[in-house]
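A quick write-up on the structure given underneath.
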Amino acid sequence: TPLIGAELSLRHEGGKYHVGVVFEKWCDQARAPALPEARSELVPALEQLRREAPCVLILNHPYTNAVDHWADSRGRPIAEQKTHELIGSGLFDGIEVLNGTGFFHLPEGMVSHYLTARALRSVEFWKKRGGTLSTIGASDAHAVSTVGVALTRAEGVNRRSFLESIRNGGGEALPRHPNVVRGFEDAKENIYGLSVWDHNPKVLEQRSYSSKVA
């Protein structure tokens, strides 16, 4: 069952983040709730969405902000830490850990492994501390061929109960296409969230989330 939502581009502490919003009641364009303008500040924008109508809010492919800092050894850990804290902020119902397009089509799946494993690791960290985050698989479809490549499984008999299950932490990312299944499983097995750029164990130890976040 496809659930159509909107993806917003918002700003938070100097970084750009993409947030998915899916309203409980689907509206046509004439009756749709108001959406924040592009590049709005993230926190007030999400508060506005909650006031507009019942909805589910998802932080999409969260660590892309850190990817922007690959060439900057100082900026990347800072961007990662801000993203990790944002995931645990309580602002979101779900975190996209599986994206059906783009990230799984690069050589050796380097970016897909990095982004997916980092996101999974953060979700696990915050769930152990009482969070109720769902893991989300989304098509992010820019072409018909990628619709349904990445799915989210949750209990529900209709749109409302499905989204309620996601709000309660019952959503689970599920890959369908064989290539994406392989990439997703490889990333999950890579428990440190490493990419080919992460090769210095001492740096990784200094960057560990558990040592930075109480």
For the range 119-214, please list each of the strands (runs of 3 or more DSSP E) lying entirely inside it that holds at least 2 residues being in contact with a Pro (Cβ under 9 Å, 6 or more places away or on another chain) and at pLDDT 80 or above.
150-153
Near pairs, Cβ below 6 angstrom, 6+ apart or cross-chain, from the range 134-148 (of a type in the set (Val, Ile, Thr)) to any residue that is open to solvent by 40 Å² or more (accessible area, probe 1.4 Å):
135/172; 147/141
Suppose the filter is at pLDDT 90 or above, assigned to a helix (DSSP H, G or I), open to solvent by less than 40 Å² (accessible area, probe 1.4 Å) and touching a strand residue (DSSP E or B) at 6+ places or on another chain (Cβ under 6 Å); does residue 59 pass it?
no
Restricted to the range 1-23 and to residues being in contact with a helix residue (DSSP H, G or I) (Cβ under 9 Å, 6 or more places away or on another chain) and open to solvent by 40 Å² or more (accessible area, probe 1.4 Å), the residue farthest from residue 63 (Cα to Cα) is 1
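The values are calculated or read from the model by the stated rules, or taken from the named source; none is laboratory data. All of these numbers come straight from a predicted model, not from anything done at the bench. Cβ atoms come from the backbone with ideal geometry, glycine included; neighbour counts cover every protein chain shown. Note: areas computed on protein heavy atoms with side chains; ligands, DNA, RNA excluded. Shrake-Rupley method; radii C 1.70, N 1.55, O 1.52, S 1.80 Å.
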